[in-house]
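**Q** Dropping a structure here in structure tokens format, bear with me for questions.
The values are calculated or read from the model by the stated rules, or taken from the named source; none is laboratory data. Because the structure is a prediction, the values reported are computed rather than measured. Because the Cβ atoms are built from the backbone with ideal geometry, glycine has one as well, and the counts that use them run over all protein chains shown. Remember, those area values only see protein heavy atoms, side chains included, never the ligands or the DNA or RNA. Shrake-Rupley method; radii C 1.70, N 1.55, O 1.52, S 1.80 Å.
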Amino acid sequence: MIRHATPDDIDSLLVLEARCFSYDRLTRRSFRHLLLRGHAVTFVATDEQAIQGYALLLFRDASSIGRLYSLAVDPRHHRRGIARRLMRTLEREVRRRGRHWLAAETRPRNRAMRRFCNELGFDEVGRKRRFYEDGVDAILLRKRLVPGGSSKQPRP
Ligand SMILES: CC(C)(COP(=O)(O)OP(=O)(O)OC[C@H]1O[C@@H](n2cnc3c(N)ncnc32)[C@H](O)[C@@H]1OP(=O)(O)O)[C@@H](O)C(=O)NCCC(=O)NCCS
């Protein structure tokens with residue numbers, strides 16, 4: 001099942017962060033902030049027992065882009081289509097808010113994420129220098145969600 005995250009999910013989200021990331025982990029404080037603010041939307045994928053994964057979207061006013069800020073699936077549940085289902089929900093949310101593009105970033109060495117985004121129809125459109133806290137560049141990804149909408153690629 002996929003549903004909106006609530007502040008009651010923060011403990012589980014922190015466990016996921018620790019399992020999935022070695023750098024740039026979101027903290028309790030940042031989750032609290034993001035879950036309570038209107039410019040962010042977080043979805044969780046759950047089974048009867050636990051949260052298996054989450055995806056967090058950010059919106060800026062007057063931008064045609066929704067930005068995938070974080071996506072993680074518990075390693076015990078990889079390759080079962082959970083991230084794909086989360087992304088379908090995110091894409092619906094971006095369209096519902098009248099945005100035309102979904103943006104994301106990834107580390108160059110994150111083969112799983114690059115392949116995943118490629119499968120979902122994202123293009124790699126550039127790099128952002130020293131984007132991550134350990135100084136690694138980010139690859140910028142974009143997916144156009146609205147055919148016939150604004151065709152001009154927004155600046156990365
Ligand atoms: C990237 C990530 C979210 C994918 O989650 P997932 O639920 O395992 O992905 P899915 O099962 O929905 O995979 C969908 C498709 O993506 C591609 N893919 C996913 N993981 C892959 C991997 N390890 N290697 C190659 N391709 C992969 C495949 O094409 C896959 O389809 P298939 O299984 O039918 O071949 C997961 O590996 C993860 O949480 N990684 C750690 C956190 C992270 O790096 N997040 C992204 C940066 S914010």
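**Q** Would you mind finding the longest exposed-site-free stretch of the chain, with exposed trypsin sites (Lys or Arg not before Pro) meaning DSSP loop and at most 16 other Cβ atoms within 10 Å?
**A** In short, 1-24.
**Q** Only Cα pairs under 8 Å and at least 6 apart count here; give the relative contact order of the chain as a rounded whole percent.
**A** Computed value for the chain: 18 percent relative contact order.
**Q** Looking only at GluC sites (Glu not before Pro) in DSSP loops with at most 11 other Cβ atoms within 10 Å, what is the longest site-free stretch of the chain?
**A** 49-132
**Q** Once the other residues with Cβ under 9 Å from the Cβ of ASP123 are scored (Lys, Arg +1; Asp, Glu -1), what is the net sum?
**A** Around ASP123, the charge tally is +2.
**Q** Under a crude label model (7 Å from the Cα following the beta-carbon direction), how far is ARG79 from THR27 in nanometres?
**A** Label-label distance for ARG79 and THR27, simple model: 3.7 nm.
**Q** Give me the accessible area per residue for segment 1-42, probe 1.4 Å, as a whole number in Å².
**A** 63
**Q** As I understand it, the value is the acute angle between the Cα axis of helix 82-96 and the longest principal axis of the Cα atoms of the chain; what does it come to in degrees, rounded to 10?
**A** Computed tilt is about 50 degrees.
**Q** Using a 1.4 angstrom probe on heavy atoms only, work out the carbon and sulfur share of the accessible area of the chain in %.
**A** Carbon-and-sulfur percentage of accessible area, whole number: 45.
**Q** Once every DSSP H run of n ≥ 4 in the chain is given -39500 (n - 2.57) and the sum is divided by its residues, what mean residue ellipticity at 222 nm do you get, rounded to the nearest 500 deg cm²/dmol?
**A** -9000 deg cm²/dmol
**Q** What is the helix-to-structure angle for 10-20, meaning the angle in degrees between its Cα long axis and the longest Cα principal axis of the chain, kept from 0 to 90 and rounded to the nearest 10?
**A** Long axis of 10-20 versus the principal axis of the chain: about 70 degrees.
**Q** Hey, another quick one. Quick check: net charge around PHE21, other residues with Cβ under 14 Å of its Cβ, Lys/Arg +1 and Asp/Glu -1?
**A** After counting each charged neighbour, the total is -2.
**Q** Further question: For helix 111-120, what angle does its Cα long axis make with the longest principal axis of the chain, in degrees from 0 to 90 and rounded to 10?
**A** Taking Cα atoms only, the helix is inclined about 60 degrees.
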